Amino acid sequence: MKRIAQELQRFGMRLVLTGMACAFLSILAPRWLPDAGPLLAAFGAGGILLILVGVGALFVPGTDHTGEPLVIQPPVQGRWLALNSPATKVPSHGVRAYGQAYAVDLVFEPQESERPQFGSGPGMRRPTDFPAFGEPVLSPVPGTVVRVQDSARDHRSRSRLWAVGYMMIEGMLRELGGVRNIVGNHVVIDAGDGCFALVAHLQRGSAQVGAGDQVEAGQALGRCGNSGNSSEPHVHVQLMDRANPSTAQGLPMTFTGIAIGDGQPTTGMPANGEYMTVS
């Protein structure tokens, strides 16, 4: 039963999108196919069923990969704030879609530079207003680069409630365009033994590696941007069991050589609202 749930989970978003397409067809097509009422009704009912199954699969508990977290290098240097952390909850981002059950978001907050706070200033700030924008992003693992995308634009932030509402609507449209529109500019690395690392939301045109390149942990991959489904410039990192996030499941991970808060360097994962310093 768990295996069936896991496979449904892999294709949860595709089931949802297919169901939406069927439902829209049943609503829009009668004007062109007035005699196909029963068939279109079946399409509509099937679409709703696919949506329910797909959404349900994304929230089914007990289907995550378990075991000891894989120890990886942090993909950044300096002082970063953790958001949507697996140290606080799993799935860390609320759903398991795109292999992000154990993903973490990292926001740059150096002591010497103030980061614009949510709710202050314009609702859509330029990405250059944030200290994270342009910061180096490093490979968390050694391995082979299998996917690089860096042509997506860096959009403005979503820094007020109305802008977040806009982002939610925008996010639904991005879902229709596939995973590239969600994770934005990104790099995927095959670390071996069925483990793939993804770093996402990179700056447009900043990729320093290409598919087929061999990389070491700590090697520069690109720069932090604000591409894809992102509210402000930050680095998203996750481990997954397949190269394609659309059908991957997340793998647990932990960082080595980080100081959490005022602590000493250790191996761990900062929780939501905790600072991680990498020297």
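Conditions (1) under 16 Å from P140 (Cβ atoms); (2) among the charged types (D, E, K, R); (3) touching a helix residue (DSSP H, G or I) at 6+ places or on another chain (Cβ under 9 Å); (4) free of Cβ contacts under 8 Å to residues at least 60 places away in the same chain, marked per residue:
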position	(1), (2), (3), (4)
G212	no, no, no, no
E216	yes, yes, no, no
G228	no, no, yes, no
S231	no, no, yes, no
P245	yes, no, yes, no
L251	yes, no, yes, no
F255	yes, no, no, no
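Each row is one residue, and each column tells you yes or no for (1) modelled with pLDDT under 95; (2) of a type in the set (A, V, I, L, M, F, W, C); (3) out of contact with any Cys (no Cβ under 8 Å at 6 or more places or on another chain).
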site: L50; (1), (2), (3): yes, yes, no
site: G56; (1), (2), (3): yes, no, yes
site: P61; (1), (2), (3): yes, no, yes
site: V71; (1), (2), (3): no, yes, yes
site: L83; (1), (2), (3): no, yes, yes
site: Q100; (1), (2), (3): yes, no, yes
site: V104; (1), (2), (3): no, yes, yes
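Residue count for the range 257-267 satisfying the condition of being touching a residue at least 60 places away in the same chain (Cβ under 8 Å) and surrounded by fewer than 22 Cβ atoms within 10 Å (Cβ to Cβ): 2. Condition check for E170 on (1) touching a residue at least 60 places away in the same chain (Cβ under 8 Å); (2) within 29 Å of F24 (Cα to Cα); (3) open to solvent by less than 40 Å² (accessible area, probe 1.4 Å): one failure, at (1). Being open to solvent by 10 Å² or more (accessible area, probe 1.4 Å) and hydroxyl-bearing (S, T, Y) is the filter here; which residues of the range 211-246 pass it? Answer for the range 211-246, where residues must be open to solvent by 10 Å² or more (accessible area, probe 1.4 Å) and hydroxyl-bearing (S, T, Y): S231, S246. Under 6 Å between Cβ atoms, which residue pairs at least 6 apart in sequence (or on different chains) link something in the range 193-205 that is under 19 Å from P131 (Cβ atoms) with a partner that is among the hydroxyl-bearing types (S, T, Y)? Matching pairs, first to second residue: H201/S227; H201/S230.
Restricting attention to the range 155-166, which residues are charged (D, E, K, R) and either open to solvent by less than 40 Å² (accessible area, probe 1.4 Å) or in a helix (DSSP H, G or I) (or both)? Within the range 155-166, R158 is the sole residue that qualifies. Taking the criterion of being aromatic (F, W, Y), closer than 29 Å to G121 by Cβ and assigned to a strand (DSSP E or B), would at least one residue in the range 250-268 satisfy it? For the range 250-268, residues aromatic (F, W, Y), closer than 29 Å to G121 by Cβ and assigned to a strand (DSSP E or B): absent.
Reported count of residues in the range 197-240, each being of a type outside the set (V, I, T) and not in a strand (DSSP E or B), is 25. Of the residues making up the range 167-196, those that are part of a strand (DSSP E or B) and among the hydrophobic types (A, V, I, L, M, F, W, C) are V187, V188, I189, A191, C195, F196.
This table checks each residue for (1) of a type in the set (A, V, I, L, M); (2) within 15 Å of the chain's Cα centre (by Cα); (3) surrounded by fewer than 17 Cβ atoms within 10 Å (Cβ to Cβ).
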residue	(1), (2), (3)
A87	yes, no, no
V90	yes, yes, yes
Y102	no, yes, no
S113	no, no, yes
P122	no, no, yes
F133	no, no, no
V179	yes, yes, no
G184	no, yes, no
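Looking across the range 63-90, the residues that are part of a loop (DSSP other than H, G, I, E, B) and either of a type in the set (S, T, N, Q) or within 12 Å of Q238 (Cα to Cα) (or both) come down to T63, T66, P69, Q73, P74, P75, Q77, N84, S85, P86, T88. Please tell me if R10 is open to solvent by less than 70 Å² (accessible area, probe 1.4 Å), basic (K, R), modelled with pLDDT of 70 or more and on the phi < 0 side of the Ramachandran plot. Spelling it out, it is not the case that R10 is open to solvent by less than 70 Å² (accessible area, probe 1.4 Å), basic (K, R), modelled with pLDDT of 70 or more and on the phi < 0 side of the Ramachandran plot.
For the range 268-279, indicate whether the set of residues that are over 30 Å from Q117 (Cβ atoms), surrounded by fewer than 24 Cβ atoms within 10 Å (Cβ to Cβ) and in contact with a strand residue (DSSP E or B) (Cβ under 8 Å, 6 or more places away or on another chain) is non-empty. No, the range 268-279 contains no residue that is over 30 Å from Q117 (Cβ atoms), surrounded by fewer than 24 Cβ atoms within 10 Å (Cβ to Cβ) and in contact with a strand residue (DSSP E or B) (Cβ under 8 Å, 6 or more places away or on another chain).
For the residues G134, G121, the requirement of being assigned to a loop (DSSP other than H, G, I, E, B), on the phi > 0 side of the Ramachandran plot and at pLDDT below 95 singles out G121.
The values are calculated or read from the model by the stated rules, or taken from the named source; none is laboratory data. Here the structure is a predicted model, which is why all the values come from computation and not from measurement. We place every Cβ from the backbone using ideal geometry, glycine too, and count neighbours over all the protein chains shown. Surface areas here come from the heavy atoms of the whole protein model, side chains and all, with no ligands, DNA or RNA. Shrake-Rupley method; radii C 1.70, N 1.55, O 1.52, S 1.80 Å.
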